[in-house]
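Scroll down for the structure; my scribbles are underneath it.
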Amino acid sequence: MIKAIIIDDEQLARDVIRKFLEDFDQIEVAAECANGFEGIKAIAEHQPELLFLDVQMPKLTGFEMLELLDPAPVIVFSTAYDQYAIKAFELSAADYLLKPYSRDRFKEAVNKALDKIHKPEENKKSLDKLQESSLSKEKIDRIVIRSGSKLTIISVDDIDYIEAQDDYVEVHSAGKKYLKQMTMKALENSLPDEFVRVHRSAIIHIDRLDKIEPYSKDSYVAILKSGEKVSVSRSGYQLLKEKLGF
């Protein structure tokens, strides 16, 4: 039996999916959730193979949820907004349902999802691509951090700097540190222009910069208003010069 979870902030939308799933004896609905926070907890509890996920939800969007799922189930997106369709397919979702959809269209989407479930290696590659791409295609205004069952949302305006830590990034904000599993490159591409990658292992918010001092022949150190110090490479120094005009 394949376990599925439905995550949508609209009760009617959840009811439609549950009703249409009656055509699939091999699928059972393990949980229904009205928002992304409930969804994260339900996924951790039930470990579903299949996820029906609304894109546009309050508090936590469907795309933001993807950053927090490891491993992630096969995903069928659904939304009333067609502007998300291209992104969903870029992220290698099984399918994308534009509300309102017919029972036949729903069957088509579920059959695609079942094909992915039965090809786990292919789906693993798709999910790796999905999670890596979920941030890199557009600028973000917040970062979602997961620690166990706890979720923390940090506005990018509140970030002081970011450091690379192996397969993670360490986000520094208001004297606290938060680990997030993703690459510096993916995060760098998604951050607004106020952020500059000053070193292969560091990104700073330029509004937090107090001064820059020489450290060695080919390197510098950025001193933030908090007093914290961040290494700056020669190329990073040039980027700061271009950005700040000094």
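Rule-based calculations on the coordinates, nothing more; no lab input. No experiment lies behind these values; they were computed from the predicted model shown. Positions of Cβ are backbone-derived with ideal geometry, glycine not excepted, and every protein chain shown enters the neighbour counts.
Descriptive notes on the structure:
- Fewest neighbouring Cβ atoms within 10 Å first, the residues ILE223, ILE6 line up as ILE223, ILE6.
- Sequence-distant residues sharing a close amide H with LEU97 (under 5 Å, placed H): PHE77, SER78, THR79
- Taking a ≥ b ≥ c as the square roots of the Cα gyration tensor eigenvalues, region 1-118 comes out rounded, since a/c falls below 1.5.
- Spacing of the modelled spin labels on ASP210 and SER102, each 7 Å from Cα toward Cβ, amounts to 6.6 nm.
- Working note: Karplus 6.51/-1.76/1.60 with θ = phi - 60° gives region 178-188 the couplings 9, 8, 9, 7, 5, 8, 4, 4, 5, 5, 4 Hz, where Gly and Pro are set to x.
- Farthest towards the positive end of the charge dipole of region 172-217, among the residues PHE195, TYR215, MET182, is the Cα of MET182, using unit charges on the Cβ of Lys, Arg, Asp and Glu.
- Listed residue pairs exceeding 27 Å between alpha carbons, taken from LYS150/LYS225; LYS116/LYS139; LYS59/LYS99; LYS116/LYS150; LYS3/LYS112; LYS119/LYS185: LYS150/LYS225; LYS116/LYS139; LYS116/LYS150; LYS119/LYS185
- Partners for LYS180 among aspartates and glutamates (Cα-Cα distance below 13 Å; same-chain residues under 8 apart left out): GLU64, GLU67, ASP70, GLU132, GLU163, ASP166, ASP167, GLU170
- Partners of LYS211 within straight-line reach, counting aspartates and glutamates whose Cα lies under 12 Å from its Cα and excluding those fewer than 8 residues away in the same chain: GLU228.
- Dipole orientation for the chain: of the candidates GLN26, THR152, LEU12, THR152 has the Cα lying most toward the positive pole (charges on Cβ; Lys, Arg +1; Asp, Glu -1).
- Calculated from backbone phi, Karplus (6.51, -1.76, 1.60) coupling profile of region 64-72 in Hz, x at Gly/Pro: 5, 4, 4, 5, 9, 9, 8, x, 9
- Here the Karplus curve 6.51 cos²θ - 1.76 cosθ + 1.60, taken at θ = phi - 60°, turns the phi angles of region 189-203 into couplings of 5, 9, 7, x, 5, 6, 10, 10, 7, 8, 7, 4, 10, 8, 10 Hz, with x standing for Gly and Pro.
- Taking trypsin sites (Lys or Arg not before Pro) across region 145-246, the ones in a DSSP loop with at most 13 further Cβ atoms lying within 10 angstrom of their Cβ are ARG200, LYS217, LYS225.
- Rounded to the nearest 20 debye, the dipole size of the chain about its Cα centre is 640 debye, using +1 on the Cβ of Lys and Arg and -1 on the Cβ of Asp and Glu.
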